[in-house]
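Report on the following structure.
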Amino acid sequence: MNAGARRALVTGGSGGIGAAICRRLAAAGHVVHVHTHRSVHAAEAIVAQIVAEGGRAMAVQFDVTDAAATRAQLEIILEEGPIQVLVNNAGIHDDAVFPGMSPQQWQRVIDVSVHGFYNVTQPLTLPMIRTRWGRIISISSVSALLGNRGQVNYAAAKGALNAATKALSLEVASRGITVNAVAPGIIATQMSSGAFDTAAINDIVPMKRAGKPEEVADLVAFLASTEAGYITGQVISISGGMV
């Protein structure tokens, strides 16, 4: 590992954007914990790829909405030392127009993004503070900044994440810890496939294309680096000019 290597945890690390972030952080020399809830084989495949390329990684499994299970797994991880790079990437869509949105659709999306943020971040914060160095990066969405039809629940969840980012950044800034959010626009992943055709992308995105997961990962890796030490409390869009 290089001198700037840290222990990192990426929630939702088995998905399209999460996997790109895991690979990019590993390439920077970090020891990466690739988190998944259900896609264990996918997480293990990402770990195998990282290891084959000379990096260090391991898969971890827990449900971020289950506070007790999350804390138990994090305590095991912390036995090896503090996590100094945390990427809160876990999130889900459950789209519906608001008049037809069920309580379950509302609660489920809020649970993963907002309660998941607390359940993962809170137990890791004090160990991070003790090292006087840390990076907390949450993956938000332009939906929280612009709104999007059929995504009132998702926009609300990511908007709460943005607000939590700004508040937490004030609490830990003097301890060498930065807290930022990254707000992707339309990114070419399996989750977004079929949601936007080429004509829609041309109409919505000034750059006339979808972003790549690797482009999001590059931004996250920069925010996780020592070079980004004076950037905190920010919600940074990566959307091809949408916002």
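Only the coordinates and a few stated rules stand behind these numbers; no lab work does. None of these values were measured; they are calculated from a predicted model. Quick reminder, even Gly has a Cβ in these numbers, built from the backbone with ideal geometry, and neighbours come from all protein chains shown.
Tabulated results
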{"read-out": "Most mobile listed residue (ARG108, ARG130, ARG56) in the chain, GNM with C-alpha springs under 10 Å", "value": "ARG130"}
{"read-out": "Residue order, fewest to most beta carbons within 10 Å, for LEU168, LEU78", "value": "LEU78, LEU168"}
{"read-out": "Spacing of the two label points (7 Å from each Cα toward its C-beta) at ASP197 and GLU75, in nm", "value": "5.4 nm"}
{"read-out": "³J(HN,Hα) computed for each position of region 226-236 - Karplus, 6.51 cos²θ - 1.76 cosθ + 1.60, integer Hz, glycine/proline x", "value": "5, 5, 9, x, 10, 10, 7, x, 10, 10, 9"}
{"read-out": "Karplus 3J(HN,Hα) series, Hz, for region 110-124 with 6.51 cos²θ - 1.76 cosθ + 1.60 (x for Gly, Pro)", "value": "5, 4, 5, 6, 8, 5, x, 4, 5, 4, 8, 6, 4, x, 8"}
{"read-out": "Tensor-based shape of region 1-140 (alpha-carbon gyration tensor, a/c under 1.5 rounded, otherwise prolate or oblate)", "value": "prolate"}
{"read-out": "Estimated distance in nm for a label pair at GLN107 and GLN122, the labels positioned 7 Å out from Cα along Cα-to-Cβ", "value": "1.9 nm"}
{"read-out": "Whole-angstrom gap from region 21-83 to region 104-122, using each part's C-alpha centre", "value": "19 Å"}
{"read-out": "Rel. contact order, % - alpha carbon contacts under 8 angstrom, at least six apart, the chain", "value": "19 percent"}
{"read-out": "Residues LYS208, LYS166, LYS158 arranged by fewest to most Cβ contacts within 10 Å", "value": "LYS208, LYS166, LYS158"}
{"read-out": "Gain in span if fully extended, ARG149 to ALA27, counting 0.36 nm per residue against the direct Cα distance", "value": "40.2 nm"}
{"read-out": "Full-stretch length increase - LYS166, VAL243 - with 0.36 nm per residue and alpha-carbon distance subtracted", "value": "25.9 nm"}
{"read-out": "Tilt relative to the chain, helix 152-172 - C-alpha long axis, 0 to 90 degrees, to 10", "value": "30 degrees"}
{"read-out": "Along the chain, longest interval not containing exposed GluC sites (Glu not before Pro), exposed being DSSP loop plus at most 12 other Cβ atoms within 10 Å", "value": "81-243"}
{"read-out": "Residue-averaged [θ]222 nm for the chain, counting only DSSP H segments that reach four residues, each worth -39500 (n - 2.57)", "value": "-13000 deg cm²/dmol"}
{"read-out": "Amide H contacts of VAL32 (H built 1.01 Å from N, under 5 Å, at least 5 apart or other chain)", "value": "ALA8, ARG56, ALA57, MET58"}
{"read-out": "Angle between the chain longest axis and helix 67-78 axis [Cα atoms, degrees, rounded to 10]", "value": "40 degrees"}
{"read-out": "Spin-label model distance (nm) - GLN190 vs HIS41, 7 Å beyond Cα toward Cβ", "value": "1.0 nm"}
